[in-house]
1. Considering only residues that are of a type in the set (Asp, Glu), over 30 Å from Asp560 (Cα atoms) and in contact (Cβ under 8 Å) with a residue 60 or more places away in the chain, which ones fall in region 618-677?
2. Can you find a residue that is under 25 Å from His585 (Cα atoms), surrounded by 24 or more Cβ atoms within 10 Å (Cβ to Cβ) and in contact with a helix residue (DSSP H, G or I) (Cβ under 6 Å, 6 or more places away or on another chain) anywhere in region 321-338?
3. Which residues, counting only those in region 59-89, are in contact (Cβ under 8 Å) with a residue 40 or more places away in the chain, out of contact with any Lys or Arg (no Cβ under 7 Å at 6 or more places or on another chain) and more than 15 Å from Arg153 (Cα to Cα)?
4. If you check Ala516, Ala526, which single one turns out to be touching a strand residue (DSSP E or B) at 6+ places or on another chain (Cβ under 7 Å) and either assigned by TED's automatic domain parsing to the domain that holds Ile490 or surrounded by 18 or more Cβ atoms within 10 Å (Cβ to Cβ) (or both)?
5. If I filter region 49-57 for residues that are touching a Phe, Trp or Tyr at 6+ places or on another chain (Cβ under 8 Å), crowded, with 17+ Cβ neighbours inside 10 Å, of a type outside the set (A, V, I, L, M) and closer than 18 Å to Ala157 by Cα, do I get at least one hit?
6. Quick one: which strands (runs of 3 or more DSSP E) sit completely within region 568-655 and have at least 3 residues that are more than 34 Å from the chain's Cα centre (by Cα)?
7. Kindly evaluate Ala314 against the criterion of being modelled with pLDDT of 95 or more and in contact with a strand residue (DSSP E or B) (Cβ under 9 Å, 6 or more places away or on another chain).
8. Being under 15 Å from Tyr159 (Cβ atoms) and under 23 Å from the mean Cα position of the chain (by Cα) is the filter here; which residues of region 90-109 pass it?
Amino acid sequence: MIGNDRYPHLFSPLDLGFTTIKNRAVMGSMHTGLEEAEGGFERMAAYFTERARGGVGMIITGGISPNEEGGHGAKLATAEEAAQHRIITEAVHSTDPEVKICMQILHAGPLAPTEKCIAPSAVKSRISPFTPIELDEAGIEKQLDDFANCASRAKEAGYDGVEIIGSGGYLLSTFLVEKTNHRSDQWGGSYDNRMRFPVEAVRRIRLAVGEHFIVIFRIAAMDMLQGGMSWDEVVQLGQAIEQAGASIISTHFTWHESAVPTISTRVPRAAFTSVTGRLGKKLGIPTITSNRINTPNVAEKVLNEGHADLVSMARPMLADAEFMNKALEGREDEINTCIACNQACLDHTFTGQEVSCLVNPRACHETLLVYNKTDAPRRIAVVGAGPAGLSYATVAAQRNHAVTLFDSAVEIGGQFNLAKQIPGKEEFYETLRYYGRMIELLDIDLQLDTRVTAQQLVDGNYDEVVIATGIKPRVPEIEGIDHPCVVSYIDVIRGDKPVGHRVAIMGAGGIGFDVAELILHKGTSAALDIKVFAREWGVDFDQHPRGGVTGVDPVVEKADREVYLLQRKATPIGRGLGKTTGWTHRLSLARRDVKMINAVKYLKIDDAGLHIAVEDKPQVLDVDTVIVCTGQLPLRTLYDELQGSGLKVSLVGGAFEAGELDAKRAINQASYMAAAI
């Protein structure tokens, strides 16, 4: 069975009365950085066009501000700006006239990166360096008029609709909760007054665009704030927004400053859709649900259970533009699944970089990274089937090169086979499933359990040899490093060496954090069980207190171990982790009583434990296991042996640059190299 047979709900059209969405899949909004880039509109046109061609029913763009004070450069307020946007809308509609494309109106309010940021009250967000300017009555009227003007310009630009984001800690949502709205006029005080601004914004937008235009409002269905919106307030707002003229309600979960993860790989799939389902029963217009819906099966289940009328899949459409076509054609095993790592998408967004995707570097770079078929196919040997080798091999084979892929292990994956063992990183299995299927489809000659020699490569008459042999752990030169209590992180993750009850982890990079998670883990992974997730992060889905979290204490289970996480650097531990997920790792370990110590000098290891000095004060950690996570070195032995052989040899991935293990960098580098050969 394929398509409509296996996914009858996902592929059914949705009639809005004045227009029809061809299926229930929405490519949700993601700011890409192209909005402000030179030539960005042409690149966005290519980016969205690939997704339109890939079968999605509706696209929502990245956030565009209605005025200068609402954002960081990307705005729509003038006819000239509307003309730029027509580059996008005309490209999408010419590709598939049935695909709807809506522009998100995002007024960042107190989160705008400018001293001129505004809010209902002068309340600084803990994640912003600026205290916002409190709006007066004239300022509020200006903002409302700017919202209406922006929507009108979006219609002029050829969009089928707009999405107004009323969540996340952005302007509209700050009117709604008491912690950020201290006003005593008609825009503050009672909840009727606090919701007046977002409701009025929708009403004025509907008046500006007329009846036959999609108006979506993104509501914070569960804002994850202590003292946030109550369930009754969420329902009241949703109903008022419907009456003001919205076509669709889209549910969002969390503010950016919330202490609950909602988008990382440690969050269960479709964790929040039941909340959308409850809200939808109180409304008379369709709803969109979101967050961690990354396969057709999950999307279909959400729709079948009545949790929403549409499913938003933003990052999954980054990972695979052909997501919907592959589902329709029964090729689900060919989908390059989003693993919710956030490393190249949201981490880039929140650090001002152009967005891409760890598992698909072409995302947002469609005009720069092109996999054209070659007229001069070559015989290529790739040694190493980790992320870099897999990426290089599949891209090269896709371009018609004849590829042989060697690895000494009995399975593909390299370091990904370690990552997938970490609780909360189970999605890495999906990437290896995808690459395994691509190897089959592209007729790559895969030779596992094969330690290929330099002479075999020379004798193989290859035109190119690519060394993707990865890394080897760095072993620090300290006294006692060969003590029986010392083990490598690789042995720990593989389960090859026992770990005691008192543990010191040398190195607090990503691997150190992963190892700590692993050895303290007890029971079912929160990423696989919504009840465990809710308990560990203090979310009450059943009673829905204010914000979903007010008065709910997180409760974590942990293995009976005392763990020290140590680093040489004097910087705060975990600073180098991802912008959007690092805080979850730090908080998770803190709740498991991990003792994190920076500015450590390692002295020696002996029967007494690990001898260290902190601020020149020596101490001994009475531990029975020392786990070494002190970095990596490139593994280049084969590369060195091939020098002078006459073969054209290249390095890629960890063999080229070890540093922190960085799959994003490895896959990106390999993809560009294979596209150029």
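The values are calculated or read from the model by the stated rules, or taken from the named source; none is laboratory data. If you're wondering where the values come from, they're calculated on a predicted model, not measured in any experiment. For neighbour counting, all protein chains shown are included, and Cβ atoms are generated from backbone atoms with ideal geometry for every residue, glycine included.
1. Glu641
2. Looking for residues that are under 25 Å from His585 (Cα atoms), surrounded by 24 or more Cβ atoms within 10 Å (Cβ to Cβ) and in contact with a helix residue (DSSP H, G or I) (Cβ under 6 Å, 6 or more places away or on another chain), one finds at least one in region 321-338, hence yes.
3. Those that are in contact (Cβ under 8 Å) with a residue 40 or more places away in the chain, out of contact with any Lys or Arg (no Cβ under 7 Å at 6 or more places or on another chain) and more than 15 Å from Arg153 (Cα to Cα): Ile60, Gly62, Gly70, Gly71, His72.
4. Just a single option satisfies the conditions, and that option is Ala516.
5. No - not one qualifying residue is present in region 49-57.
6. 600-606, 609-614, 617-621
7. yes
8. Hits for region 90-109 are Ile101, Cys102, Met103, Gln104, Ile105, Leu106.
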